[in-house]
Number of protein chains: 2
Amino acid sequence: MGKSPEAPIDALGAMRARVDAELDRVLRSAEPREARLVEAMRHSVLSGGKRIRPILCLASFEAAGGEGDDAIHAAVALELIHAYSLVHDDLPCMDDDSVRRGKPTTHRVYGEGMAVLVGDALLTLAFDVLAREPEGSTVLRESRLEVLRKISHAAGIHGIIGGQVADLAAATTPGDAAMIEYVHTHKTGALIAAAVWAGARLGTDDPDVLLRFARFGEKAGFAFQVVDDILDYGERPDEPASYVGCHGLERARERAERLIKEGKAELAPLGHRAQLLWKIADFIVARAD
Amino acid sequence: MGKSPEAPIDALGAMRARVDAELDRVLRSAEPREARLVEAMRHSVLSGGKRIRPILCLASFEAAGGEGDDAIHAAVALELIHAYSLVHDDLPCMDDDSVRRGKPTTHRVYGEGMAVLVGDALLTLAFDVLAREPEGSTVLRESRLEVLRKISHAAGIHGIIGGQVADLAAATTPGDAAMIEYVHTHKTGALIAAAVWAGARLGTDDPDVLLRFARFGEKAGFAFQVVDDILDYGERPDEPASYVGCHGLERARERAERLIKEGKAELAPLGHRAQLLWKIADFIVARAD
């Protein structure tokens, strides 16, 4: 990677292509009875999306000093978990959304029962993939198990699912500022923070460096959700668990910018190795402009 | 463990109590916002059930020569996966069941959206628990990752979920004998076979011994589902994917007995160490008398 202004953008594009190729590879089956399920899983994962979690994972891996293919499984697993959470979130008994990324949602195409199973299958596949070891891997199995625990923690009741339960409750009882921060840090922030941490953990054993990545990940994750709220505000101004609804547009923008600035400062000691992560952080907040 | 006829029964009771205590321990949270979710998870897991999968795992671990607490996490994870699959299977968009083990199903008590999240949370927790290492563990991390892959495989599209998709399809297109065998070996058999294999893998590194456990587990898993069909036949004689509906009661009984006999023969070289597993195998087929 050179230091011309375009280099990070090229690197991001290359990472995205690597992630999409690996997703395409793991979402296959030779068994005819599984064909429709696999088709529905592919519909749910491969029809668009920014791949922000896997890219953050791969970029953190490289920024932490990692080389080779040791983070690709974690990257792919993070996207599978993100996709499963969207499929279940879109169900009629949850948010009841019929369109996602400009296409009909999984349950609209394949039916509700199938959509439940598709989500279950994507979540299960994520852990299957996380437990795989690339040939010639130099990562200690201890680190791999740590990454597995971090990601399952971020996906579980203390992370995504906890956030979704609070969000579901907010639909009937509008939330206060503390509840909104809880939903945000859990529903979206936890998996983004885990993506950063997992990549870094696979790339380094240095606890001080890991701590910097952990702080960067937490701030980037929260900023990402605040920006999502800013973007949603135009479409759904009465969303119950919205940062903008609670604090107003201006304070939301300020908060996102401050979080990203603080996050970038954490990585400053890494020098040019953090260049790509800085760029991704800038992208996150730039979406709100 | 002595050799009196009651000893295996006592040992089974003790294993069940160990599993229930550990399930109770992992299904807790100090965060008030998670209280209702955790309550719903406990309702789904702790209200009855035979614990056949965790007991098979622990008994296989000991029969393979394992000692100490190294199989308890796998045992608990298997029960969490079984419980999640029941919660999702009972949903209105799947089998639409309102009673399970004599109590109202999760979605009847907590609502559909919550039941989807409860299943997701149980599945995620299962992998979290699987990636944990008991203090002072002597199991190689390589074996732990292998067990993780085996269990995720049995839970995924080539196992439980594949069987459920075929079962869902059978509701509209009644199945032939090959389809019924596919549903059975996948929906129920795969996780039972994985329970046996996981326990054995954590207890031994000997590939020949492991192969015997693998064959025992496959036969026990299939027999278990055939017996379930025999028990269900009285209540739902028109069940589309039923072994009894396809082959008749007498042939179903014969098949279950033959499978258990063959399975037990696989473990004969283990001598008295296999005593408890033989007993469990006998219980499986005795349920059909």
Filter result (within 13 Å of residue B:84 (Cβ to Cβ) and in a helix (DSSP H, G or I)) within segment B:24-42: B:40, B:41
Give me a count of the residues in segment B:98-147 that are of a type in the set (Asp, Glu) and at pLDDT below 95. 3
Do the conditions hold for residue B:148, that is, is it crowded, with 23+ Cβ neighbours inside 10 Å, more than 8 Å from chain A (Cβ to nearest Cβ) and under 20 Å from the mean Cα position of the chain (by Cα)? no
Criterion violated by residue A:222 - all others in (1) of a type outside the set (Ser, Thr, Tyr); (2) within 14 Å of chain B (Cβ to nearest Cβ); (3) assigned to a helix (DSSP H, G or I) satisfied: (2)
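Is there a residue being among the hydroxyl-bearing types (Ser, Thr, Tyr), over 20 Å from residue A:217 (Cα atoms) and part of a loop (DSSP other than H, G, I, E, B) anywhere in segment A:1-11?
yes
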Filtering segment A:86-114 down to residues that are within 8 Å of chain B (Cβ to nearest Cβ) and either part of a helix (DSSP H, G or I) or among the β-branched types (Val, Ile, Thr) (or both), which residue is surrounded by the fewest Cβ atoms within 10 Å (Cβ to Cβ)? A:112
Might you check whether a residue that is surrounded by 24 or more Cβ atoms within 10 Å (Cβ to Cβ), more than 7 Å from chain A (Cβ to nearest Cβ) and assigned to a helix (DSSP H, G or I) occurs anywhere in segment B:131-143? no
Any residue that is in a helix (DSSP H, G or I), within 9 Å of chain A (Cβ to nearest Cβ) and under 21 Å from residue A:111 (Cα atoms) - is there at least one of those in segment B:167-175? yes
Suppose we filter B:157, B:161 for residues that are outside any helix (DSSP H, G or I) and within 12 Å of chain A (Cβ to nearest Cβ); which single one remains? B:157
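Give the number of residues within segment B:202-242 that are of a type in the set (Phe, Trp, Tyr) and more than 13 Å from residue B:252 (Cβ to Cβ).
Residues of segment B:202-242 that are of a type in the set (Phe, Trp, Tyr), as a first pass: B:213, B:216, B:222, B:224, B:233.
This time we only want the ones that are more than 13 Å from residue B:252 (Cβ to Cβ), so: B:213, B:216.
Count: 2.
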State yes or no: is residue A:286 at pLDDT below 95, crowded, with 21+ Cβ neighbours inside 10 Å and out of contact with any Leu (no Cβ under 9 Å at 6 or more places or on another chain)? no
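The values are calculated or read from the model by the stated rules, or taken from the named source; none is laboratory data. Since the model is a prediction, treat every value here as computed from it, not as a measurement. Positions of Cβ are backbone-derived with ideal geometry, glycine not excepted, and every protein chain shown enters the neighbour counts.
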